[in-house]
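*Asks:* Following this message is one structure expressed as structure tokens.
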Amino acid sequence: KKAADDQDKAAPEPKESSRALPASQSSSGDLKEGLHHELVDGEKYYFFVDRERFDVVDHVSTIDPEDDSETALFEGGSKIKIIVASCNIGEKPILEMDSWVPRRAPHTDVVVFGLQESTYGKVEEHEAQVEVEAEAASDSDEEGDHVKPKAHHPAHEISGEKHLLSELENQLGPDFALLDGVVRWQMRVRVYIRRSLRSQVSAVECGAENTGLAHLVANKGGQAVKFKLAGTTLCFVNSHLAAHESAKKCERRNSDVAEILGGIKLGDPRFDLTQFDHLFWCGDLNYRLDPPRDFPADKVERQRRIVSLIEADDFDALWEMDELQREVKAGRAFTNFKTPPCRFKPTFKVERVAGTTYIDPPNPKKKRMPAYCDRVLWKSPPHLTDAVRCHGFESCPEFASSDHKPVIGRFSVAPTAAPVLVEEPPFTSESGDFNFYPQLKFYDLAGHGLSAMDEGITLQKSGSMQSLRAAESPHPVSNLPNPVAEESSANLGPPQGPPPQTSPAAQASDPYGEAERAWTLGAARSDPYVVVHTHPPELKAAADHEVKTEVVTQELDPVWRAAPVLSLKVSDFSALRNGSLLLTVFDADVGTADDVIGTVEIAFEELAAAAASEAGVFQFKRDVVFQGRLQGALSGKIQVNLPTSESEFKHAKRCVDDAQQIDAHDAPAQSCCVVS
């Protein structure tokens, strides 16, 4: 059951839990990279096969209920306490808010509502629709606004929109204020914050991306609100993804996730929504249960088997079938996100009654397999991963007005510490000729199986990219041994010794091995180059200077010869412990903005051992990720010229004057001509 990939290499055998899609139900446009086929009973079926990964992150978060007792930020505590509540309300009025979100949301700073299918008709509003506690009415917030009770009025009909918003705001009470929200048809995200914290909020942005029919209709899509609180950038996304069961629909959900991540432009528009300190994502994601092949083929029998596992509370077996966690693990969606385990009954599709009873229509075509459609996930850069604690993730079985049970997640977030920066280079060279910042030097950078971004055909110089290594490297550091024993073998690139030697005459006449390459016609690929930057961005010295490699044209396995140097505005390593190193691979374009292929994230903390070692070199091979999907891998070495303390700077002699750094812009690219 092995299938050949684009390089004619053997692909792994599809897992027992992989879903199959008959070829007759697909079109050639759906057969993207990673989709392979095999013959089953004479018919061709397609399977999604895992792409090779190099830095698999455990995507399952533990629940930490003990820390939930800590006071919230507005109460003088040290953590931002957050509730993320998601519900597909099924186009019906919410009748039981208390079974979903705690009344007045005690010990909470921020409450986020993600709503799907949230429009309905007029509702009769009764007298005393709005309740305001007496003590709240007599208090004032920090901004001096006196909170007054709302007047009672006789019963009358109000719009579904007004009723919905009043239900949310009544539940939270007068101590919360709406920060911002986005509405797209039946989808809504609304972010509420304690009034006493409103003055500490800045940089509020919001946006949305539709993924419905023709990627324009707002029956599906995502909405986002981003802001800064206590020095921490937070982004919240609500989404409703493509529905129904099948491998094709699963791939559509994955595509929806990528489109939302990249289509909503907040912050730096070059990068997706994972650029912020913390990204929380909730909604009706519509990922289903994917039973193994030994389950009955008959839909009725299969549903009965699933329900029997649910009735037995066999949540481990159900988790193994969960389509979402399988896609995250494989790197096809939400790569490097975390999600808490579902230790409750599936939230869809249920009767609109208290408790969890699954709809069982007599018509098999209308049956819906129970599934964990309603979810919460989050993503942080490597140095901030431990800043987020999940204190609870549960469904709300007593919520009776929808065919989904809502979910609620409770979190605490440690505020992001501001980096300690130095505005002038703190070190002086031995010769006294120049001052310098601590530096990282990147070399032997290589891409592996990068995604093709260009379309059409290309006329290019073909040949092995390894021929570029035939020219002796101008950077002596390439011959240093690799001292990094801390890296696991899964994260290390292939052993690389000194580059092959060539005669001076051959190197002078053909420094880039062009003689070995011939003009050929082939499918367009990418023109990749690497840009080095940091999170937070202010760690990088010379903010207006882009640290990058040369462009290698029409290549998915590029080898870059440049050795860019990154200077960091710190005086010792401790200032870097709250930061991450980012290497973003771009595809160079002519006439349009360059496309992002993906980014590698490395916490500066990982470089500490190399900084103190004799050779001072860190070797890596990591996943390239963009819009939640694997885009290939990047390997290389980093010369770590950083002080481990103010008194010890083992590799200071290797630092160079910024003015003398090699300008990668001048390195020649390979020749090609792309024809669309």
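*Asks:* Where does each of His383, His278 land when they are ordered by accessible area, with a 1.4 Å probe and the largest first?
*Replies:* His383, His278
*Asks:* Assuming R0 = 30 Å, can you tell me the calculated FRET efficiency for the pair Glu96 and Leu178, based on Cβ-Cβ distance, to the nearest 0.05?
*Replies:* Result of the calculation: an efficiency of 0.85.
*Asks:* Suppose every Lys and Arg Cβ carries +1 and every Asp and Glu Cβ carries -1, with no other charges. What dipole size does segment 329-442 come out with about its Cα centre, to the nearest 20 debye?
*Replies:* About 1220 debye.
*Asks:* Under 11 Å from the Cβ of Ala593, count the other residues' Cβ atoms, weight Lys and Arg +1, Asp and Glu -1, and hand me the total.
*Replies:* Computed value for this residue: -3.
*Asks:* Follow-up question, since we're still on this one. Just by accessible area at a 1.4 angstrom probe, what is the order of Glu125, Glu52 from largest to smallest?
*Replies:* These residues rank, largest area first, as Glu52, Glu125.
*Asks:* Compute, for Ser401, the solvent-accessible surface of its heavy atoms (probe 1.4 Å) with the complete set of protein chains present, and express it in square angstrom to the nearest 10.
*Replies:* Solvent-accessible area, nearest 10 Å²: 10 Å².
*Asks:* How far, in nm, would the chain grow between Glu301 and Ser647 when pulled straight, counting 0.36 nm per residue and subtracting the alpha carbon separation?
*Replies:* Residue separation times 0.36 nm, minus the Cα-Cα distance, leaves 117.5 nm.
*Asks:* Sort Arg352, Arg375 from largest to smallest accessible area, using a 1.4 Å probe on the heavy atoms of the protein chains.
*Replies:* Largest accessible area first, the list is Arg352, Arg375.
*Asks:* With the dipole of segment 280-396 worked out from charges on the C-beta (+1 for Lys and Arg, -1 for Asp and Glu) around the Cα centre, which of Gln303, Cys390, Pro341 lies farthest toward the positive end?
*Replies:* Looking along the dipole axis, the top candidate is Gln303.
*Asks:* Related question: Enter the accessible area of Thr119 (Å², nearest 10), with the probe set to 1.4 Å and all protein chains included.
*Replies:* Counting only protein heavy atoms, the figure is 50 Å².
*Asks:* With a ≥ b ≥ c taken as the square roots of the eigenvalues of the C-alpha gyration tensor of segment 581-638, please select rounded if a/c is under 1.5 and otherwise prolate if a/b is larger than b/c or oblate if it is not?
*Replies:* It is prolate, given that a/c is not under 1.5 and a/b is the larger ratio.
*Asks:* Assign one of three labels to segment 260-364, namely rounded, prolate or oblate, based on the Cα gyration tensor with a ≥ b ≥ c the square roots of its eigenvalues; rounded applies when a/c is under 1.5, prolate when it is not and a/b is larger than b/c, and oblate otherwise.
*Replies:* It comes out prolate by the Cα gyration axes.
*Asks:* Which of the listed residues, Ile82, Ser99, Thr71, is farthest toward the dipole's positive end in segment 65-127, when Lys, Arg count +1 and Asp, Glu count -1 at the beta-carbon?
*Replies:* Checking the options against the dipole of segment 65-127, the answer is Ile82.
*Asks:* With a cut-off of 8 Å between alpha carbons and a minimum separation of six or more residues, what is the relative contact order of segment 217-282 in percent?
*Replies:* 35 percent
*Asks:* For segment 185-269, just say rounded, prolate or oblate: build the C-alpha gyration tensor, square-root its eigenvalues into a ≥ b ≥ c, call rounded for a/c under 1.5, and beyond that prolate if a/b exceeds b/c, oblate if not.
*Replies:* prolate
*Asks:* Select from Phe276, Cys235, Gln223 the residue farthest towards the positive end of the dipole of segment 210-286; place +1 on Cβ of Lys and Arg, -1 on Cβ of Asp and Glu, and compute about the Cα centre.
*Replies:* After comparing all options, I get Gln223.
The values are calculated or read from the model by the stated rules, or taken from the named source; none is laboratory data. Since the structure is predicted, the reported quantities are computational estimates derived from the model, not experimental observations. For neighbour counting, all protein chains shown are included, and Cβ atoms are generated from backbone atoms with ideal geometry for every residue, glycine included. Each accessible area value is taken on the protein alone, full model and side chains, heavy atoms only, with ligands, DNA and RNA left out. Shrake-Rupley method; radii C 1.70, N 1.55, O 1.52, S 1.80 Å.
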